[in-house]
Amino acid sequence: MTEQIDKVLEREYEAGFVSDIESETFDPGLNEDVIRRISAMKEEPEWMLDWRLKAFAAWQEMVEPEWAHVDYQKIDYQAISYYSAPKSMADKPKSLDEVDPELLRTYEKLGIPLIEQQMLAGVAVDAVFDSVSVVTTFRDKLEEAGVIFCPISEAIKKYPELVKKYLSTVVPMKDNFFATLNCAVFTDGSFVYIPKGTRCPMELSTYFRINEQNTGQFERTLIIADEGSHVSYLEGCTAPQRDENQLHAAVVELVVLDGAEVKYSTVQNWYPGDENGKGGIYNFVTKRAVCHTDAKVSWTQVETGSAVTWKYPSCILKGDNSIGEFYSVALMRGAQQADTGTKMIHIGKNTRSTIISKGISAGRSNNSYRGLVRMNPGAEGARNFTQCDSLLIGDKCGAHTFPYVESKNPTAIVEHEATTSKVSDDQMFLCQQRGLDPEKAVSMIVNGFCKEVFKELPMEFAVEAGKLLEISLEGSVG
Amino acid sequence: MMSSEKVLLKIDNLSAKVEEKSILKGLSLEVKPGEVHAIMGPNGAGKSTLGYVLSGREGYEVQSGSATLDGVDLLEMEAEERARAGLFLAFQYPVEIPGVSNLEFMKASVDAQREARGETSLSSAEFLRLAKAACKQVDLPLAFLKRGVNEGFSGGEKKRNELMQMLLLQPKLCILDESDSGLDIDALQVVAEGVNSQRTEDRSFIIVTHYQRLLDYIKPDYVHVLADGKIIRSGDASLALELEEQGYAWLTEKEA
């Protein structure tokens with residue numbers, strides 16, 4: 001039975017193709033000069049370069065963390081190239097017509113047509129290819145609503161006041177080893193500003209694609225939801241199939257001002273490496289939100305890719321009555337490893353947080369949930385509910401739960417529930433006895449296990465997530 | 001030749017083992033379309049094993065003999081292919097599938113079977129109508145359609161849920177594995193009525209039970225006694241009554 005299930009899970013990585021695009025790529029290596037060159041490529045103002053150099057100096061004093069429950073070969077930071085961009089992007093195409101058709105084809109192949117007429121109405125896309133943003137769609141329409149959605153490299157030039165005011169206010173420059181590295185070498189990413197009282201008229205999304213060999217992708221995303229605004233943001237990521245490991249170290253900061261709401265969804269499908277653990281992306285990401293009074297943030301993530309994942313989308317519930325949510329599905333198979341979870345830091349009164357984590361482990365994979373719930377002394381009447389469920393497929397995988405709870409306020413309530421279950425032979429046989437083939441049976445059982453998280457995803461992404469887990473969501477009847 | 005009538009299920013000298021232990025030891029049985037056969041016998045005789053072997057459960061290894069459904073070799077097929085060929089097993093202990101709604105599960109099952117027969121799949125609306133009717137027939141509240149498969153169901157509710165699946169799948173051969181165990185008299189009647197409503201000229205039933213009680217409501221054409229891996233006595237409905245009075249000892253002793 002286990003063999004049968006393994007076969008089902010050994011699906012091909014469909015996004016593993018390489019695009020033949022002429023690129024300008026820096027030689028591997030990291031020093032001040034490389035940082036100056038990145039900054040120059042981006043035509044950045046002086047303050048930005050100074051900021052990068054400060055981060056680089058700090059980073060050189062830092063030590064790579066080893067506390068995560070993952071095992072990987074030490075990264076040689078001098079062997080990575082820190083900048084790669086399609087040559088055709090050097091002249092900054094003004095419109096889609098000027099964009100290299102091969103680039104457009106790449107995204108089309110990934111199921112993300114960038115031609116606006118062909119796109120899902122209601123979703124604006126920023127497409128980031130290696131180190132640069134290729135195109136951002138529907139910008140005019142968004143501008144009408146006062147919404148800014150552009151590459152962060154552009155925001156640094158066009159909206160320096162906003163960037164200066166908020167950059168690294170959520171994830172401090174010296175927050176952690178990978179975040180500090182990102183400050184020094186980040187190349188592109190998305191910038192979003194939703195004005196006061198505005199409901200963003202479309203879903204915003206960014207698709208990250210790593211194409212070049214031996215390059216790292218260091219993207220930086222900054223989302224500012226001004227008072228009483230609302231936005232739903234989606235993020236997707238893929239990379240070619242390569243034998244070497246590649247590093248992806250991103251920083252995402254969400255500033256959610258009074259009464260604003262941000263829904264941030266991720267479908268992470270970086271190349272996971274082969275079944276023996278060769279190749280694949282190291283996905284070391286820092287994502288954090290600050291919620292002001294009455295604000296709400298909801299992180300939803302579906303993690304199926306990457307060789308190693310190290311990621312804890314977190315909420316600092318600073319304002320009274322603010323709400324943080326974290327919904328996660330992590331499906332690990334082959335030799336994949338994930339150490340993922342969240343931090344909910346309750347500072348304000350009557351703050352609320354919900355954590356629903358679903359870990360699925362198959363093959364020889366290792367899947368860990370690591371979460372911190374902290375109730376600060378001022379978190380009067382705060383509440384947290386955490387539910388961590390693990391599903392094991394086969395007998396060679398591992399599931400681990402590391403919950404940390406710190407409560408310094410006696411009126412705060414923290415609840416934690418955890419379960420571990422297996423896809424049983426009985427369940428498989430019941431499905432087969434009713435006429436379902438084993439593929440359908442596994443995906444149905446896994447789908448059922450993930451249901452609480454999938455229902456939090458925006459419609460388009462729920463479908464994509466379902467496909468990723470080879471799940472037909474046909475059961476939406478009734 | 002005894003009869004030129006068509007045989008639906010033909011089991012010939014079937015032997016099978018589980019984890020190196022022989023359970024079926026040369027069992028033979030013929031079931032014609034429309035017939036109801038009851039299989040009774042002491043604990044450990046191989047009654048549940050027979051259902052599992054016929055339906056292709058992993059771990060049940062056939063050593064010798066044959067079994068055909070409608071003339072097609074059952075033992076060569078995967079479990080899901082046997083189901084699609086029209087074999088249905090109502091489980092003694094139905095398992096839970098959390099988060100997968102009954103409706104979703106049954107629609108997927110019916111779709112898979114229709115597809116295998118080259119039929120188009122039912123629309124959601126059509127299927128919902130059928131499912132509601134089946135749900136009412138087995139006397140479960142309609143809310144059960146949206147609940148996870150067997151999730152938090154009582155023993156009796158699980159049995160009725162199995163019956164609901166049978167009503168929707170319309171199999172040729174239904175094997176009911178102790179569908180009466182753990183049922184109160186009302187639930188027993190619901191199950192029996194469900195079965196009786198499905199008795200047609202083409203559809204056959206094998207009813208595995210410990211007790212005569214169920215057979216008061218579902219009248220069998222034949223009653224067989226299964227002991228130590230084979231059928232040691234066959235008769236009509238009156239044999240069940242005899243067993244109820246005298247137990248199995250007189251038969252198994254005679255055998256020994």
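The values are calculated or read from the model by the stated rules, or taken from the named source; none is laboratory data. Predicted, not measured: the structure shown is a model, and the values here were computed from it. Using ideal geometry, Cβ is built from the backbone for each residue, glycine included, and neighbour counts are taken over all protein chains shown. Ligands, DNA and RNA are stripped out before the accessible areas are found, and what is left, the full protein with its side chains, is counted by its heavy atoms. Shrake-Rupley method; radii C 1.70, N 1.55, O 1.52, S 1.80 Å.
Descriptive notes on the structure:
- Looking across region A:15-70 at every residue that is of a type in the set (D, E, K, R) and in contact with a Pro (Cβ under 9 Å, 6 or more places away or on another chain), the one that is farthest from A:Ser84 (Cα to Cα) is identified as A:Glu22.
- Which listed residue, of B:Leu168, B:Leu173, is within 30 Å of B:Gly34 (Cβ to Cβ), touching a strand residue (DSSP E or B) at 6+ places or on another chain (Cβ under 7 Å), surrounded by 15 or more Cβ atoms within 10 Å (Cβ to Cβ) and modelled with pLDDT of 95 or more: B:Leu173
- Selected residue (only one of B:Gly71, B:Gly59 is among the small types (Gly, Ala, Ser), farther than 26 Å from B:Arg160 by Cα and within 14 Å of chain A (Cβ to nearest Cβ)): B:Gly59
- Selection status of A:Gly305, in a loop (DSSP other than H, G, I, E, B) and surrounded by fewer than 24 Cβ atoms within 10 Å (Cβ to Cβ): no
- Identity of the residue in region A:452-476, buried (at least 18 other Cβ atoms within 10 Å of the Cβ) and facing chain B (nearest Cβ under 10 Å), that ends up modelled with the highest pLDDT: A:Phe454
- Residues that are surrounded by fewer than 21 Cβ atoms within 10 Å (Cβ to Cβ) and either within 14 Å of chain B (Cβ to nearest Cβ) or at pLDDT below 90 (or both), drawn from region A:381-396: A:Gln387, A:Leu392, A:Gly394, A:Asp395, A:Lys396
- Qualifying residue in region B:178-185 (condition: more than 20 Å from B:Arg57 (Cβ to Cβ), surrounded by 20 or more Cβ atoms within 10 Å (Cβ to Cβ), in contact with a Ser or Thr (Cβ under 9 Å, 6 or more places away or on another chain) and more than 9 Å from chain A (Cβ to nearest Cβ)): yes
- A single entry from B:Ala83, B:Ala108, B:Ala133 fulfils the requirement of being assigned to a helix (DSSP H, G or I) and in contact with a helix residue (DSSP H, G or I) (Cβ under 6 Å, 6 or more places away or on another chain): B:Ala83.
- Flag if B:Gly155 is open to solvent by 40 Å² or more (accessible area, probe 1.4 Å), farther than 16 Å from B:Gly51 by Cα and among the small types (Gly, Ala, Ser): yes
- In this entry, A:Pro410 passes the filter for residues that are open to solvent by 70 Å² or more (accessible area, probe 1.4 Å) and farther than 17 Å from B:Val149 by Cβ.
- Test for B:Ser64: is it over 15 Å from the mean Cα position of the chain (by Cα) and closer than 22 Å to B:Ser204 by Cα: no
- Selection count where residues are in contact (Cβ under 8 Å) with a residue 24 or more places away in the chain and surrounded by 16 or more Cβ atoms within 10 Å (Cβ to Cβ), scope region B:108-126: 4
- Matching residues, region B:60-92, being touching an Asp or Glu at 6+ places or on another chain (Cβ under 8 Å) and within 27 Å of B:Lys146 (Cα to Cα): B:Ala79, B:Glu80, B:Gly86, B:Leu89, B:Ala90, B:Phe91, B:Gln92
- The residue list A:Asp97, A:Asp126, A:Asp130 contains one member that is more than 19 Å from A:Glu24 (Cβ to Cβ), modelled with pLDDT under 85 and open to solvent by less than 10 Å² (accessible area, probe 1.4 Å), which is A:Asp126.
- In region B:86-104, residue surrounded by the most Cβ atoms within 10 Å (Cβ to Cβ) [restricted to those that are part of a helix (DSSP H, G or I) and at the interface with another protein chain (Cβ under 7 Å from one of its Cβ atoms)]: B:Glu104
- Residue in region B:55-69 that is crowded, with 19+ Cβ neighbours inside 10 Å and without any contact (Cβ under 8 Å) to a residue 12 or more places away in the chain present: no
- So B:Ser179, is it of a type in the set (S, T, N, Q), farther than 20 Å from A:Ala441 by Cβ and touching a helix residue (DSSP H, G or I) at 6+ places or on another chain (Cβ under 7 Å): yes
- Contacts under 7 angstrom Cβ, first residue in region B:182-201 being part of a helix (DSSP H, G or I), partner of a type in the set (Ser, Thr, Tyr), 6 or more apart: B:Leu188/B:Tyr217; B:Gln189/B:Tyr217; B:Val191/B:Ser179; B:Ala192/B:Tyr217
- One residue from A:Gly334, A:Gly277, A:Gly348, A:Gly324 being open to solvent by less than 10 Å² (accessible area, probe 1.4 Å) and either in a strand (DSSP E or B) or modelled with pLDDT under 90 (or both): A:Gly324
- Considering (1) modelled with pLDDT of 85 or more; (2) surrounded by 14 or more Cβ atoms within 10 Å (Cβ to Cβ); (3) part of a helix (DSSP H, G or I), the lone condition that A:Glu44 does not fulfil carries the number (3).
- Answer residue from region A:431-451, given it is aliphatic (A, V, I, L, M) and out of contact with any strand residue (DSSP E or B) (no Cβ under 7 Å at 6 or more places or on another chain) and is nearest to the other protein chains (Cβ to nearest Cβ) among those: A:Leu436
- Selection from region A:174-220 of residues that are in a loop (DSSP other than H, G, I, E, B), open to solvent by 10 Å² or more (accessible area, probe 1.4 Å) and closer than 30 Å to A:Asp243 by Cα: A:Asn176, A:Glu212, A:Gln213, A:Asn214
- Qualifying residue in region B:128-150 (condition: within 28 Å of A:Ser424 (Cα to Cα), within 7 Å of chain A (Cβ to nearest Cβ), open to solvent by less than 50 Å² (accessible area, probe 1.4 Å) and in contact (Cβ under 8 Å) with a residue 60 or more places away in the chain): no
- For region A:47-81, the candidate set comprises residues that are under 28 Å from A:Ser133 (Cβ atoms) and hydroxyl-bearing (Ser, Thr, Tyr); within that set, the residue that is modelled with the highest pLDDT is A:Tyr77.
- Tabulated pairs, region A:422-442, first under 20 Å from B:Arg114 (Cα atoms) and open to solvent by 40 Å² or more (accessible area, probe 1.4 Å), second in a helix (DSSP H, G or I) and small (Gly, Ala, Ser), C-beta under 9 angstrom, 6+ apart or interchain: A:Asp437/B:Ala112; A:Lys440/B:Ala108; A:Lys440/B:Ala112
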